[in-house]
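Presented below is the structure to which this report refers.
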């Protein structure tokens, strides 16, 4: 049973969709008169926050030609957990009919909860609060996005991204002239469905039935039926 190779890229598409939700975050820097003086795009990258920490420690004042600047968003997958509460009947199938008269089928998916952590790193508290005030109202406490599950069968799924918690930490070290690093961690749960391999089969277009008595010793009649797999219309229905 483990020889079937299937690749639907459901987890990959889910992660890409999650990242795209935060790809257009901006911070408005105000002048003393209250007008907008500068608009800063907050970049987002995939990876643990430790990578950002290492880059900042190597150049804490960001005086060199840094590959990373602040503020920045980073996210990563932290765990996969089977969701027994959403477990369906494993004997059910999803069948899609093709125009050539064949049918593609797949067993019902396996539900999993994907834990994703989003990290917001800023030089100070004000930038972090500005970003949070943009993000938090979007989740009450979830936001649902559509993700492609099996493109070949035109199957999509609505994935809720649930915001579980928000924590903050101020990694301040050194004297009062040193740079601060404020980190906000937003923990999400994405409820996804993982599908197995698909199979193709011909659609039954003709049936021949023999009807016997209870003990099977006497043939009472025969029945033949044919149908159109495209329209679902019964073409013949004959008893003899």
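Of the residues that make up segment 100-110, is at least one farther than 16 Å from residue 195 by Cβ and either free of Cβ contacts under 8 Å to residues at least 60 places away in the same chain or under 18 Å from the mean Cα position of the chain (by Cα) (or both)? Yes, segment 100-110 contains at least one residue that is farther than 16 Å from residue 195 by Cβ and either free of Cβ contacts under 8 Å to residues at least 60 places away in the same chain or under 18 Å from the mean Cα position of the chain (by Cα) (or both). All conditions in (1) farther than 30 Å from residue 133 by Cβ; (2) surrounded by 11 or more Cβ atoms within 10 Å (Cβ to Cβ); (3) at pLDDT 80 or above hold for residue 196, with the sole exception of (3).
Screening residue 215 with (1) outside any strand (DSSP E or B); (2) modelled with pLDDT of 90 or more; (3) over 22 Å from residue 69 (Cα atoms) gives one miss only, at (2).
The values are calculated or read from the model by the stated rules, or taken from the named source; none is laboratory data. Keep in mind that what you see is a predicted model, and the values were worked out from it rather than measured. Every residue, glycine among them, receives a Cβ derived from its backbone with ideal geometry; neighbour counts consider all protein chains shown.
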